Amino acid sequence: MKKIVNDSSYRKITYLKVLWRNNQPHIQIYDHDAETVTTQSLIGYDFSYQVPTPLERMCVNYGDLFEDEKQNRCEKLVKSGKKCGSCIREDNIFAAQFHNVHTKDRSSISQKILKRMQKENILYIAGFFDGSTKVGTSASTRIHTRLLEQGAIHAVLVVETPDGITVRLLEDLITEELGIGQAISIRKKIDGLLNPLVRDSLQKELKILLGKVKDCILTSGITEITEIATTWDNEYSTETCWEKIQKYPISLSTGSHDMKVRSVVGRIAALNHSSGMTLLADLDELLGISVETGKITGDEISVQAKLF
Ligand SMILES: [Zn+2]
């Protein structure tokens, strides 16, 4: 059922990206009438919108390119998916330059790429609430942002390397030798938040892995590294709103919604629904679609309260 929005707060907007800045979650928003891109803090943010039909999609890269005044590269509107053809092509060229750069002979890599790789990187192992663990790398300057983006619950920063090539060699070695993967699916991250492991058991598991990872690095013969071994905890994941949380039963990309953000882990939000329940949703569902905001009454939902 289409609801009519006729108050003065009506705006047509598109949510483009979830961004972490200064360790806090933000959302990048495009305003179709004003043609502006703004970034707003997500904690306390009201998602009060309805999705018009037919669905209108927009390239999620548009906001970043707009801020860099390079938006003319972007086709802006897309028929399906999250990015326009032009942005997908640029992404592919960029990825191809970096793909397997650590396995190539350094003399065959362009100076431009080599220069980009010449900054300190950190190798970390991270754990998620379903018990999954992964190994990963990040530029040292944005390690905390990287862990927050991924929605990790605990992590151990293992070593720092002087460049981005050494760290990728170590990462591959750990995956090959210890069978620790490099990516965790969003499905597992959501399952973990819905049914979290006991916090202690995840920390214990990471501690055991740290010992194995250190041994593996020692035998690698790579010496240009600095040991760190500090731990990191996702403070958002300890907030009480995540306790007994359940999944928001309808997709964010259709219908009408009225909720306030309580907390964010990665791109997954804990939302206060008008029914009084706190529910979990993957914000990626609403990125890139045009919505009408204003004073909206959300669609009715049916969720049974969790007893234990
Ligand atoms: Zn684009």
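Read-outs: derived from the displayed coordinates by stated rules, not from any lab. Keep in mind the model is a prediction, meaning the values are calculated, not measured. Cβ atoms come from the backbone with ideal geometry, glycine included; neighbour counts cover every protein chain shown.
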Full-stretch length increase - S108, L178 - with 0.36 nm per residue and alpha-carbon distance subtracted: 22.2 nm
Pairwise label distance in nanometres, V303 with S201, each label 7 Å out on the Cα-Cβ vector: 2.4
Across the chain: Cys residues that no other cysteine approaches within a C-beta distance under 4.7 Å: C74, C87, C216, C241
Pairs from K188/K247; K79/K260; K119/K207 whose Cα-Cα separation, in the structure shown, is over 21 Å: K79/K260; K119/K207
Virtual spin-label span in nm between L210 and A96, 7 Å along Cα→Cβ: 4.2
H144-L77 pseudo-label distance in nm [points 7 Å out on the Cα-to-Cβ vector]: 4.3
Semi-axis lengths (Å, descending) of the ellipsoid that matches the C-alpha gyration tensor of the stretch 119-238: 24, 15, 12
Over the chain: helical MRE at 222 nm, DSSP H runs n ≥ 4 each giving -39500 (n - 2.57), nearest 500: -8000 deg cm²/dmol
Globularity index of the stretch 242-298, i.e. its alpha-carbon radius of gyration over 2.2 N^0.38 Å: 1.08
Hits among aspartates and glutamates - C-alpha to C-alpha of K112 under 16 Å, sequence gap 8 or more where chains match: D163
Sequence-separation-based contact order of the chain, relative, with Cα cut under 8 Å and 6+ spacing, percent: 26
Mean projected area in nm² (Cα convex hull; one quarter of hull surface) for the chain: 17.6
